[in-house]
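One structure below.
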Amino acid sequence: MIRKRVGVLISGRGSNLQALIDACRLRDFPAEIVMVISNVPQAQGLLRAEAALIPTLAINHKDFSSREAFDVALDKALNEAHVELLCNAGFMRLHTAGFVERWRDRHLNIHPSLLPAFRGLDTHARVIEAGVTISGCTVHFVRSEMDSGPIVAQAAVPVLGDDTADSLAIRVLEAEHRLYPHALRLVASGAVSVEGERVIGTAVEKDQALLFWPPLP
Ligand code: GRF
């Protein structure tokens with residue numbers, strides 16, 4: 001099996017990066033992480049990558065005069081590492097249109113809501129404020145607009161009556177850690193592709209079960 005060469009972009013904790021590292025240890029996983037880059041030099045995720053003996057780079061956006069210059073440096077480092085697929089995992093910078101175009105349909109992001117609802121920051125607080133009873137997470141191909149692009153996979157997570165933004169974040173994060181490896185497997189194995197801004201080919205069980213939250217009595 002030929003494994004796709006994956007680069008991961010992070011800015012912080014790196015728990016989703018860890019989930020991807022763990023998945024890549026599986027013998028039948030169709031991807032390997034060949035480079036982890038953080039725009040924040042002290043990001044905890046860099047230590048996780050180092051512990052897994054994965055090459056790391058800190059490319060501090062503050063060292064660049066423009067967003068374009070930063071993205072050019074990012075692109076150069078990814079190309080030098082022969083990265084084929086790119087995964088944003090808690091990467092807190094918006095990319096330039098040129099960068100997005102260069103990585104089009106080879107670039108994933110994870111967001112802690114059921115997109116297209118609740119794009120942007122402070123997701124969980126806004127979910128609770130809105131009173132929705134089902135939230136979740138989404139892995140999607142990256143487009144220029146923040147948290148938008150063809151959806152590869154989603155997981156639903158119930159919002160409980162006494163949830164705070166923090167308690168909901170913990171429950172959604174557990175789902176993220178299962179969803180991202182699943183989505184990367186679908187993309188890296190070639191099981192899915194993008195057609196007309198929609199992802200096609202996802203192998204779905206033809207199970208008609210509906211998810212109710214609160215559950216039916
Ligand atoms: C996750 O909730 C992810 O969905 C969002 O930022 C958070 C990153 O967490 N984009 P971690 O760094 O992967 O632990």
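The values are calculated or read from the model by the stated rules, or taken from the named source; none is laboratory data. Given the structure is predicted, the values throughout are model-derived calculations rather than measurements. So basically every Cβ, Gly included, is an ideal-geometry build from the backbone, and we count neighbours across all protein chains shown. Note: areas computed on protein heavy atoms with side chains; ligands, DNA, RNA excluded. Shrake-Rupley method; radii C 1.70, N 1.55, O 1.52, S 1.80 Å.
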*Given the chain, longest segment not containing exposed loop GluC sites (Glu not before Pro) (DSSP; at most 12 other Cβ within 10 Å)*: 1-144
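With a ≥ b ≥ c the root eigenvalues of the C-alpha gyration tensor of the range 4-200, is it rounded (a/c under 1.5), prolate (a/b larger than b/c) or oblate?
Rounded, because the longest to shortest axis ratio a/c is under 1.5.
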_Test of understanding: what is the full-extension gain from Arg25 to Val194, defined as 0.36 nm times their sequence separation minus their Cα-Cα distance?_
58.1 nm
*Tally up the carbon and sulfur contribution to the accessible surface of the chain as a whole percent, 1.4 Å probe, everything protein left in place.*
55 percent
_Using Cα springs under 10 Å in a Gaussian network model of the chain, which residue among His107, His82, His177 shows the largest mean-square fluctuation?_
His82
*asked:* What does the net charge come to around Arg185 if you take all other residues with beta carbon closer than 14 Å to its beta carbon, with K and R at +1 and D and E at -1?
replied: +2
*Mind pulling the angle between the C-alpha long axis of helix 67-80 and the longest principal axis of the chain? Nearest 10 degrees, somewhere in 0 to 90.*
80 degrees
*Within a Gaussian network of the chain (alpha carbon springs, distance under 10 Å), most fluctuating of Ala130, Ala77, Ala191*: Ala130
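Accessible area per residue of the chain at 1.4 Å probe, in Å²? Before the final figure, lay out the partial values.
Values: 11380 Å² over 217 residues.
So the chain comes to 52 Å² accessible per residue, rounded to a whole number.
Using Cα pairs under 8 angstrom and six or more residues apart, how large is the relative contact order of the chain, in percent? Please report the intermediate quantities before stating the final value.
Numbers: 395 pairs, mean separation 39.5, N = 217.
It comes to 18 percent, rounded to a whole number.
From the Cα gyration tensor of the range 94-217, with a ≥ b ≥ c the square roots of its eigenvalues, which class applies: rounded if a/c is under 1.5, or else prolate if a/b is larger than b/c, or else oblate?
On the way: a/c = 2.31, a/b = 1.40, b/c = 1.66.
Oblate, since a/c reaches 1.5 and b/c is not below a/b.
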